[in-house]
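Undergrad: I have a structure here, written as C-alpha cells, and I will follow up with some questions on it.
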Amino acid sequence: MAARTTRLDLARPTLDDVDALHAIYADPRVWTHFPSLRFTQREQTERMVARWVAAWRAHGLGQRLLRAPGESELLGHAGCEVRDDTFVNLGYRLAPLAHGRGLATEAALAAVAEAHERRSDLPVVAYLVAHNHASARVTTKVGLTLRHAAPDFGNPDPGVMRHVYADRELTDAELAATLRRAPTGLLRPGPAP
C-alpha cells in the first residue's frame, strides 16, 4: 500500500498508537453489528497492536493507520494480514467521524492492491457477519465475492451468519483456515487446514 491515497495518509502502527486505537475499539458506535466484540480493556488494544507490529516484521504486510493528510487525528485502520500462511485477511475499522465518507473503501482498495503485490500466491479474504451491510458493500467494491456462509461460531446470537468473501475461489484448506479464525484473530475450533 502506498504511503498515501487520495484522502488518507497511511502509516504502520506502533505501540505509541494504542490509546488512539483504543478510543475507536472501545466506542460502541463502531460495534453495532457485533457489540460483544467491543474492547473494554486497554490491554486488548495493546495486544492487538503488538500483533500488528509483529505481522509487519514477519510478513512485510499488515494494518495501516489512517489519517487525513497533515492531521494527527486517527481515523481508523485498514490492511491485510497473512494468516496461517494460507490466506491474507482484509480488515479495517474506522472511527465514527469517518463513517459514510467512502474512506473504508479507499483504504481497503489500497490494502488489497498491496496484498496482491506482495502475496499474490494467497487469496485475499474478508469475513463479516451477514447483517453488517456496510462492510459487505466495501468488500464487493474492492473486488471480493461472497464465497461461503455459515453459522457464526461463538457469536452470542446463535442465529447470526458469518460470510466469507474472497478475491478467488477458495480451496477446502483455505476455507477451513478462514473458518478457524475469529474476527479478533483468536483460533476457532475446527478442522485443520
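The values are calculated or read from the model by the stated rules, or taken from the named source; none is laboratory data. Everything numeric here is computed off the predicted structure, so don't read it as measured data. A quick note on method: Cβ atoms are made from the backbone with ideal geometry, for glycine too, and the neighbour counts reach across all protein chains shown.
Undergrad: Residue check, Arg7 against (1) modelled with pLDDT of 95 or more; (2) closer than 25 Å to His133 by Cβ; (3) under 17 Å from the mean Cα position of the chain (by Cα), all met but one. Which one?
TA: (3)
Residues are listed down the side, and each one gets a yes or a no for (1) β-branched (Val, Ile, Thr); (2) under 14 Å from the mean Cα position of the chain (by Cα); (3) outside any loop (DSSP other than H, G, I, E, B):
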site: Ala20; (1), (2), (3): no, no, yes
site: Ala23; (1), (2), (3): no, no, yes
site: Gln44; (1), (2), (3): no, no, yes
site: Leu61; (1), (2), (3): no, yes, no
site: Gly70; (1), (2), (3): no, no, no
site: Val88; (1), (2), (3): yes, yes, yes
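Undergrad: Considering only residues that are more than 14 Å from the chain's Cα centre (by Cα), in contact (Cβ under 8 Å) with a residue 40 or more places away in the chain and closer than 17 Å to Arg64 by Cα, which ones fall in the stretch 117-127?
TA: To start, the set of residues in the stretch 117-127 that are more than 14 Å from the chain's Cα centre (by Cα) comprises 117-123.
So of that shortlist, the ones also in contact (Cβ under 8 Å) with a residue 40 or more places away in the chain come out as 118-119, 122-123.
The answer is Arg118, Arg119.
Undergrad: Does Gly70 satisfy the condition of being among the small types (Gly, Ala, Ser), at pLDDT 95 or above and either loosely packed, with under 15 Cβ neighbours inside 10 Å or on the phi > 0 side of the Ramachandran plot (or both)? First the steps, then the outcome.
TA: Working: among the small types (Gly, Ala, Ser): yes; at pLDDT 95 or above: no; either loosely packed, with under 15 Cβ neighbours inside 10 Å or on the phi > 0 side of the Ramachandran plot (or both): yes.
Taking the combined requirement at face value, the residue does not satisfy it.
Undergrad: Only one of (1) free of Cβ contacts under 8 Å to residues at least 40 places away in the same chain; (2) touching a helix residue (DSSP H, G or I) at 6+ places or on another chain (Cβ under 9 Å) fails for Asn89. Which number is that?
TA: (1)
Undergrad: How about the stretch 7-18: which of its residues are in contact (Cβ under 8 Å) with a residue 12 or more places away in the chain and outside any loop (DSSP other than H, G, I, E, B)?
TA: Applying the first criterion (in contact (Cβ under 8 Å) with a residue 12 or more places away in the chain) to the stretch 7-18 yields 7-15, 17-18.
The answer is Asp9, Leu10, Ala11, Leu15, Asp17, Val18.
Undergrad: Now, a different point. Could you look through the stretch 10-52, keep only residues that are touching a Lys or Arg at 6+ places or on another chain (Cβ under 8 Å) and farther than 29 Å from Met161 by Cα, and pick out the one that is surrounded by the fewest Cβ atoms within 10 Å (Cβ to Cβ)?
TA: Residue satisfying both the conditions and the ranking: Asp19.
Undergrad: Select from the stretch 25-42 the residues that are of a type outside the set (Phe, Trp, Tyr) and assigned to a helix (DSSP H, G or I) and list them in ascending order. Break it down stepwise before answering.
TA: Looking only at the stretch 25-42, we keep the residues that are of a type outside the set (Phe, Trp, Tyr), and these are 26-30, 32-33, 35-38, 40-42.
Of everything in the stretch 25-42, those that are of a type outside the set (Phe, Trp, Tyr) and assigned to a helix (DSSP H, G or I) turn out to be Pro28, Arg29, Val30, Pro35, Ser36, Leu37, Arg42.
Undergrad: I need the full set of residues from the stretch 74-86 which are in contact (Cβ under 8 Å) with a residue 40 or more places away in the chain, among the charged types (D, E, K, R) and either touching a Pro at 6+ places or on another chain (Cβ under 9 Å) or not in a strand (DSSP E or B) (or both), in order please.
TA: The answer is Asp84, and nothing else.
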